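Sharing a structure below in structure tokens format, with a few things to ask.
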Amino acid sequence: MKVLLIILFSFPFWNTFQETAMVNSMRESAYTAYQNKDYRKAIAEYEELINVHHSTDIRIYHNLGTAYFRTLQYKQAEKVFRKIISMNEVPYNSYCYNNLGIIYFRSGQYDKAQKHFKLALSLYPANEEARFNYEAT
């Protein structure tokens, strides 16, 4: 009887452990794909981590937005960067505003781009890329 109770009570724990192991493995796989510039694979895995496994890790969102950005999927990148901004985490917000500025610059919206570069700098003055972009526009 004790063995049966131990098995019954440990079953939910085992499922949680397996789920955590799978999510960690997927996170590592997505990061490896991202580092290897296999952005399509990284996007698919980061999207699954967010939409299926409900990850709220800001680094996952940031890498997803950057992967969209690197594959010139600017609308999706903008959506992710705005989601990160709504999470209100420095210095991520600064990097997101800088990336939005680049998106606007590439689409010919120069005033909007400069506004975003300036905002990036106001949030995190050590953001050298934003400083360069602001001074160049």
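Please treat every number below as a calculation from the coordinates, not as lab data. What you see is a predicted model, and the numbers here were worked out from it, not measured in a lab.
Connecting C-alpha atoms closer than 10 Å in a GNM of the chain, tell me which of N98, N63, N88 has the biggest fluctuation.
It is N88.
Sequence gap at least 6, Cα distance under 8 Å: using those rules, report the relative contact order of the chain to the nearest whole percent.
13
For the chain, find the longest principal axis of its Cα atoms and tell me its angle to the long axis of helix 74-87, 0 to 90°, nearest 10.
Around 70 degrees separate the two axes.
Next up: If you stretched the chain out fully between A21 and S107, how much longer would it get, using 0.36 nm times the residue separation minus the C-alpha to C-alpha distance?
Full extension from A21 to S107 adds 26.8 nm.
In a GNM of the chain with a 10 Å cut-off on Cα contacts, which of F69, F105, F117 has the highest mean-square fluctuation?
Greatest mean-square fluctuation among the candidates belongs to F105.
Also: For the chain, state the average projected area of the convex hull of the C-alpha atoms over all orientations, rounded to one decimal in nm².
Result: 9.9 nm².
Specify the residue with the greatest mean-square fluctuation among A44, A67, A113, computed from a Gaussian network of the chain linking alpha-carbon atoms under 10 Å apart.
Among A44, A67, A113, the largest mean-square fluctuation in the Gaussian network model of the chain belongs to A44.
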